[in-house]
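Right, one structure below, let's go through it.
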Amino acid sequence: MALRVGVIGGGQLARMMIAPAVELGLELRVLAEADGMSAALAATAVGDYRDLDVVRDFAQGVDVITFDHEHVPQDVLRALVADGIAVHPGPDALQFAQDKLVMRAKLADLGVPQPDWAAVRTRAELQEFLDAHHGAGVVKTPRGGYDGKGVRVVRAAAEADDWLDALVDGDALLVEELVPFVRELAQQVARRVSGEIVAYPVVETVQRDGVCAEVIAPAPAASDRLVRVAEDIGRSIAEGLQVTGMLAVELFETDDDRILVNELAMRPHNSGHWSQDGAVTGQFEQHLRAVADLPLGTTTPRAAWSVMVNILGGPAEGTMGERFGAAMAEHPSAKIHTYGKDPRPGRKVGHVNVSGDDLDDAVYVARAAAVHFD
Ligand code: ADP
């Protein structure tokens, strides 16, 4: 019988595991939050991932559990592990992707370079940090943030009063130095259950309004040192945190050549979508191999450059499907991926990958194809 992989979460990341699962001969099942989600193409159960009975029921029917997101509560994950279910990444690793304060403390232990940071509970504590960091900082809610929600640049402690007031006993906010970065990068690695690790080339990510807009792989003008340091950081975090599956490490590059860790994702990640078409082994296939404890695949790029452009919002009128014909006809070298989601302002509804020898050409074609879906 085929190994059965259960994915908790029915979004586009689960959806994009479906095709590689078929190729690998794995059976993919999805626990989706609602009917008709992106991953509904696979055998899908619908239920609340916070409800232990629901998750336990789903887990009974598979051999390994993995995720489309990092929001499954620790007590649910730990109950599954206690039941003897294989959960990858496991709760011990996932806690560092679920809580940015827990992550900062652990990365400090591991000696990984990161922005100056502190846990703050009061206006006075926050102001003290700002005063020690040129009067500015980035305040973050440790849990539940995504796409820049839960992140705020402040120049006075009072600007975070609403978040400080909402803290309940024992909770704290994370504050970080405002890093004067020259660009953002992402390093992906995969770690197999039995320990093998492979690394992808470090990529450049471009964010707009806190959301990833474009990715260039590999990162242009990356020195040998940058490539090596980013890979070392990725490997040591995967090892140090015992991550299983894909790990994405979001990084800042500063003008004095420092590489600092911003945050972690323990699943396939937007910064790795390029690899579906631009690397020998795409991140979705790699994630499945890693969590199913199969040998990992080569990460080498298939072309000098790959560019990924997100389709955000989608067409103001009509469906993505209606735009497909024109985009494919005009840009036959573009690989267009759609998520089966209804268009909505700012929503990630698809992306375009283009690979080639010339970076400017690849950027042009990827953007021109994506524009068809605006
Ligand atoms: P999310 O979890 O919502 O993705 P992040 O922590 O990645 O939030 O922050 C979102 C964006 O805010 C980052 O991509 C970066 O552009 C900016 N940012 C976050 N932390 C800092 C920082 N310490 N200094 C400067 N910019 C930051």
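The values are calculated or read from the model by the stated rules, or taken from the named source; none is laboratory data. For clarity, every value in this text was computed on a predicted model and none was experimentally measured. Counting neighbours? That spans all protein chains shown, and the Cβs are built from the backbone with ideal geometry, glycine included. We work out accessible area using only protein heavy atoms, side chains counted, and drop any ligands, DNA or RNA first. Shrake-Rupley method; radii C 1.70, N 1.55, O 1.52, S 1.80 Å.
Think of a 1.4 Å ball rolled over the protein heavy atoms: the chain then has 42 Å² of accessible area per residue.
Hey, how much of the P(r) for region 111-158 falls beyond 15 Å, as a percent of Cα pairs? Value for region 111-158: 46 percent of Cα pairs lie more than 15 Å apart. With a Förster radius of 22 Å applied to the C-beta separation of ASP224 and ASP361, the computed FRET efficiency comes to 0.30. DSSP finds beta bridges in region 7-155, and of those with both partners inside it, around 40 percent are antiparallel.
Our coupling estimate for region 71-87, obtained by passing each phi through the Karplus curve with A = 6.51, B = -1.76, C = 1.60 and θ = phi - 60°, is 9, 5, x, 4, 5, 5, 4, 5, 5, 4, 4, 5, 6, x, 8, 7, 10 Hz, Gly and Pro reported as x.
Our Cα-only numbers for region 105-238 put the radius of gyration and Dmax at 17.1, 48 Å.
For region 192-244, taking Cα atoms only, Rg and Dmax work out to 13.3, 39 Å respectively.
For region 9-57, the relative contact order comes to 37 percent (Cα pairs under 8 Å, sequence separation of at least 6).
Max-minus-min Cα coordinates of the chain on each principal axis give 57, 52, 43 Å, with the largest extent listed first. Backbone geometry of region 226-231 corresponds, through the Karplus equation with coefficients 6.51, -1.76 and 1.60 at θ = phi - 60°, to 3J(HN,Hα) couplings of 4, 4, 5, 5, 4, 5 Hz, x marking Gly and Pro. Taking a Cβ cut-off of under 12 Å around VAL153, the surrounding Lys, Arg, Asp and Glu residues balance to a net charge of 0, with basic ones at +1 and acidic ones at -1.
Out of the DSSP beta bridges found with both residues in the chain, what percent are antiparallel (nearest 5)? Percentage antiparallel, nearest 5: 80.
Here region 183-198 and region 306-362 have alpha carbon centers that stand 27 Å from each other.
Amide H contacts of GLN207: ALA213, each under 5 Å away and 5 or more positions distant or on a separate chain (H built 1.01 Å from N in the peptide plane; Pro and chain starts excluded). Could you tell me the center-to-center distance, by alpha carbons, between region 104-151 and region 218-280 in angstrom? Taking the Cα centre of region 218-280 as reference, the centre of region 104-151 is 21 Å away.
For the chain, the 222 nm mean residue ellipticity estimated from helices alone, with every DSSP H stretch of n ≥ 4 adding -39500 (n - 2.57) and the total spread over all residues, rounds to -9000 deg cm²/dmol.
Listed values for region 328-336 are Karplus-derived 3J(HN,Hα) couplings in whole Hz (6.51 cos²θ - 1.76 cosθ + 1.60, θ = phi - 60°), namely 5, 5, 7, 10, x, 8, 7, 9, 9, and x replaces Gly and Pro.
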